[in-house]
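Read through the structure below, which is laid out as structure tokens, and then see the notes.
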């Protein structure tokens, strides 16, 4: 007998924004930090947050229902992922990343108008970056970037490589982590001029100024510094359309020494475009940000590489369901 069709899934989707809003509010009032610090009753949370008892009741009920909080006896505790990533002061705190797209919320609810009256450019919001906005951007994204970079150096052997070119490297996470793990490696981060000011600060904090350099430029135009023997383009794939990505990969091929390799890491759709949902949504996010970018499929990325002349091209899960890595070698 066929399962009865009802509106449950659609209702949940229509109100999905409410879960995001609860998470934002909980972070605004440091709910999880207070609970972790021992203020784990609603009475103590009223005093700590300055909220009315009824609003603490509402917020706690939502957080419990969303499995952000749980009960341990008669007091509240954070769920394991919340305790690890959403308690201020902890080494792996990622609250800034969770809040990263909050300013875009209004734009998502104007999506229909934006599609009917499009205003876009190749770089969208990124062409308006200032040094201050670049610093703010990378304060939010660097924790995730360094986590991805640690995964990269654990899965890709760069011990035979000498010079890494990091396209749109932002905080320099991949370059910094790579030279820390491979002592013979040097790296160059190529990103927009306001961005590399922030990049240089991360490089200085890591103490690798002698091994990681920066070039301030738009990597969607012009030839790349060479010779290099490994190129990485990470976490910026949906910003660009297929023509731009194909051109970047072709210029990367020209810059590489024979035997060199390129890694394109990003949110890639399955070839039937039925997910992962994260890849589709980051593609749609570029409508909100005003760029001409979109989500790319795995086979499209492979084609960018093979068209440029790369051999042994393959797409590998990097963070399953979130990020994939397309790799190719220059003969």
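No value in this document is a laboratory result; all are computed from the given coordinates. Note that the coordinates shown come from a computational prediction; the quantities given were computed from them, not determined experimentally. Cβ atoms come from the backbone with ideal geometry, glycine included; neighbour counts cover every protein chain shown.
Observations, loosely collected:
- Once the C-beta distance of residue 130 and residue 278 is scaled by a Förster radius of 25 Å, the resulting FRET efficiency is 0.30 to the nearest 0.05.
- q = 0.10 Å⁻¹, region 63-173: log10 I(q)/I(0) [Debye, one scatterer per Cα]: -0.51
- Where N is the number of residues in region 184-331, Cα Rg divided by 2.2 N^0.38 Å: 1.06
- For the pair residue 150 and residue 201, a Förster radius of 22 Å applied to the C-beta separation gives a FRET efficiency near 0.65, rounded to the nearest 0.05.
- Once you reduce region 242-294 and region 44-117 to the center of their Cα atoms, the two points are 31 Å from each other.
- Sorted by Cβ neighbour density within 10 Å, fewest at the top, the residues 294, 102: 102, 294
- Ranking of 239, 277 by count of other Cβ atoms within 10 Å, fewest first: 277, 239
- With the convex hull of the Cα atoms taken as the outline of region 263-320, the averaged projected area works out to 4.4 nm².
- Packing-based order for 118-124, 160-166, using average beta carbon neighbours within 10 Å, highest first: 160-166, 118-124
- Of the two radii for the chain, the radius of gyration is 1.01 times the Kirkwood radius, both from the alpha carbons; that is the Rg over Rh value.
- In terms of overall dimensions, the C-alpha atoms belonging to region 8-93 reach 39, 31, 25 Å along their principal axes, ordered largest to smallest.
- Cα centroid of region 184-211 to Cα centroid of region 296-313, whole Å: 29 Å
- Sorted fewest first by neighbouring Cβ atoms within 10 angstrom, 70, 229 come out as 70, 229.
- With respect to the chain, whose longest principal axis is taken over its alpha-carbon atoms, helix 242-255 is tilted by about 50°.
- Where labels lie 7 Å past Cα in the beta-carbon direction, separation of residue 9 and residue 306 in nm: 3.3 nm
- Of the peptides 108-117, 190-199, the order by per-residue mean of other Cβ atoms within 10 Å, starting with the highest, comes out as 190-199, 108-117.
- Helical contribution to [θ] at 222 nm, DSSP H n ≥ 4, -39,500 (n - 2.57), averaged over the chain, rounded to 500: -13500 deg cm²/dmol
- Share, in percent, of DSSP beta bridges within the chain that are antiparallel, nearest 5: 40 percent
- Helix 131-155 axis, angle to the chain major axis (alpha carbon atoms, nearest 10°): 70 degrees
- Using a Förster distance of 35 Å, the FRET efficiency for residue 92-residue 117 (Cβ separation, nearest 0.05): 0.25
- Angle in degrees between helix 17-28 and the longest Cα principal axis of the chain, rounded to the nearest 10: 90 degrees
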